[in-house]
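J.: Structure in structure tokens, see below.
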Amino acid sequence: TLNPGLVGFRSHHNIWDLDASRMQLPADASRFEASTMSFGTAQGLAKAVDFLCDVGIERIHAHDLALSDKLINGLHTLGADVLSPPAKCTPLQLRSPIVTCRFAGVQMDELIVALRQRGVWASNRVDTCA
């Protein structure tokens, strides 16, 4: 059996198993397909991280919390049962900008579809505390 002189992401028998503690080569010729790193993507990621650091993680978090508080207030006016606390009730370091709510008598799956059709990211969490 020939072993490749250079291995990479595509050399592994299961390229989506990202455990880097071992390398299991496939039996066929795909073991020689090393692939290359996406340097443009890596440079884009570096610039994105620089941008986030320049703006400030705390500033971004505070902005996200302000947006979620607007959403929480709006949901209350629509009669939603909002399970997420507003920022004023929770220490900021414990607060998430993710908002959880429910509406009495509304099929949440249907609401999720309608929101997604309007470009709103939403998901139905059935494991939310009652």
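The values are calculated or read from the model by the stated rules, or taken from the named source; none is laboratory data. As the structure is a computational prediction, the values presented were derived from the model and not from experiment. Quick reminder, even Gly has a Cβ in these numbers, built from the backbone with ideal geometry, and neighbours come from all protein chains shown. All accessible areas refer to the heavy atoms of the entire protein, side chains included, with ligands and DNA or RNA removed. Shrake-Rupley method; radii C 1.70, N 1.55, O 1.52, S 1.80 Å.
J.: State which residue is farthest from residue 123 (Cα to Cα) when the search covers only the range 52-99 and only residues that are β-branched (Val, Ile, Thr), part of a loop (DSSP other than H, G, I, E, B) and open to solvent by less than 40 Å² (accessible area, probe 1.4 Å).
T.: Filtering the range 52-99 for residues that are β-branched (Val, Ile, Thr), part of a loop (DSSP other than H, G, I, E, B) and open to solvent by less than 40 Å² (accessible area, probe 1.4 Å), the one farthest from residue 123 (Cα to Cα) comes out as 90.
J.: Sticking with this structure for a sec: Would you please list the contacts, defined by Cβ atoms under 6 Å and residues six or more apart or on different chains, that run from a residue in the range 50-65 that is within 21 Å of residue 98 (Cα to Cα) to a residue that is in a helix (DSSP H, G or I) and open to solvent by 90 Å² or more (accessible area, probe 1.4 Å)?
T.: none
J.: Can you find a residue in the range 35-46 that is surrounded by fewer than 10 Cβ atoms within 10 Å (Cβ to Cβ) and aromatic (Phe, Trp, Tyr)?
T.: yes
J.: Those residues that are modelled with pLDDT of 90 or more, open to solvent by 50 Å² or more (accessible area, probe 1.4 Å) and more than 17 Å from residue 67 (Cβ to Cβ), I need them from the range 111-123; list them, please.
T.: 113, 116, 117
J.: Among the aliphatic types (A, V, I, L, M), part of a helix (DSSP H, G or I) and free of Cβ contacts under 8 Å to residues at least 60 places away in the same chain: which single residue out of 46, 34 fits that description?
T.: Only one candidate passes the filter, namely 46.
J.: Please list, ordered by first then second residue, the pairs with beta carbon atoms under 9 Å, 6 or more apart or interchain, first in the range 112-124 and under 18 Å from residue 97 (Cα atoms), second among the basic types (Lys, Arg) and open to solvent by 60 Å² or more (accessible area, probe 1.4 Å).
T.: Every condition considered, the pairs that remain are 122/116.
J.: Can I ask one more? Within the range 1-52, track down each residue that is closer than 30 Å to residue 63 by Cα and of a type in the set (A, V, I, L, M).
T.: 42, 45, 46, 48, 49, 52
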